[in-house]
Amino acid sequence: MVVSRCGVDTDKSLFPRADVNYGGSSGYGRKYMYVFASLDLSQGGRTNPQRSDRLQGEWGISDVRDCILAAQRLSTSLNLIDPSRIFIRGGSSGGYTVLAAISNPPPDTPSEFKWTGATSLYGISDLKGLEEDTHKFESKYLNGLIGGSSGEVPEVYEERSPISHVDKINTPLLVSFATPAFDSFRGFLTARCVDPPGIGRRCCSAFPS
C-alpha cells in the first residue's frame, strides 16, 4: 500500500490517498503473490498460512478485504484519516472491487465500518456477462480468479456479482463508463437506479464518457 497526500480542500489542507496493491497483485514478484495468506479482519489482519495464492478463487473477497483493512489501519492504527469520511475508487477490475466492497463485503467486516462514498470507473458488475463478452486474451482469467467457469461454479458467479446484491447498497455511488460499454452496465444501473425503496436515484449517478 502506498499512502500519499493529494488534493486541496477549502481549508487548504491535503487529504491522504492510499493505492492498495492487494494480495495477489502482479508486478512485485511471485513471493508477494504467494507468501501472504488470506487476512481475517476480525483478527486485525492476521494471516492464515493454509492459503498460498491469495487471489486465485478469491476475487471479490481478498481484494475487498485488503481495501477495508487498509482503510481501517489508516483511520484507527495510524490516525491519518477520518473514519467517517472514507471513499473508495477504482477502474475496471478495481471498479469491480469497488462495487463488491459496497454491495457484498466479506462477512468478517466490522459492522461499524462504512464507506462514505464510492466511484466505479468502467467496473464489472456481472461476472457471467464478463465471461461471455470479454475478448479471447482474457477469456479464461475468471477460471482462476473465481475458481472455475460459470458452468462449473454458477453459484459463485452469482454470489460474487455485484448485480446480485444491489439491494444491499446504501453508499452513494458514482459510475463512469465509455458509451460502447453501456450494455455491460445496463443491468446494474437499471436494478439500482429505478427508485429502490428507501434509497432512490440519489444513490447512483452514471456519466457515459
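Please treat every number below as a calculation from the coordinates, not as lab data. Predicted, not measured: the structure shown is a model, and the values here were computed from it. Every residue, glycine among them, receives a Cβ derived from its backbone with ideal geometry; neighbour counts consider all protein chains shown.
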Checklist outcome for this item: Spelling it out for ILE146: with amide H atoms placed in the peptide plane at 1.01 Å from N, the residues 5 or more places away or on another chain with amide H under 5 Å from its amide H are GLY57
Checklist entry - Could the peptides 116-127, 153-164 be put in order, highest first, of the mean number of other beta-carbon atoms found within 10 Å of their residues? => result 116-127, 153-164
Next on the checklist: Around ASN104, under 9 Å between beta carbons, what's the net of Lys plus Arg minus Asp minus Glu among the other residues?
Outcome noted: +1
Next on the checklist: Under the rule of at least 5 residues apart or a separate chain, name every residue whose amide H is placed under 5 Å from the amide H of ARG89.
Outcome noted: THR119
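Among ARG89, ARG54, which comes first, second and so on when ranked by fewest other beta-carbon atoms within 10 Å?
On the way: ARG89 15, ARG54 26.
Result, fewest neighbours first: ARG89, ARG54.
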Checklist entry - Extension gain THR76-SER93, at 0.36 nm per residue separation less the Cα-Cα distance, in nm? => result 3.4 nm
Checklist entry - Ranked by Cβ crowding within 10 angstrom, fewest neighbours first, how are PHE113, PHE137, PHE177 ordered? => result PHE137, PHE113, PHE177
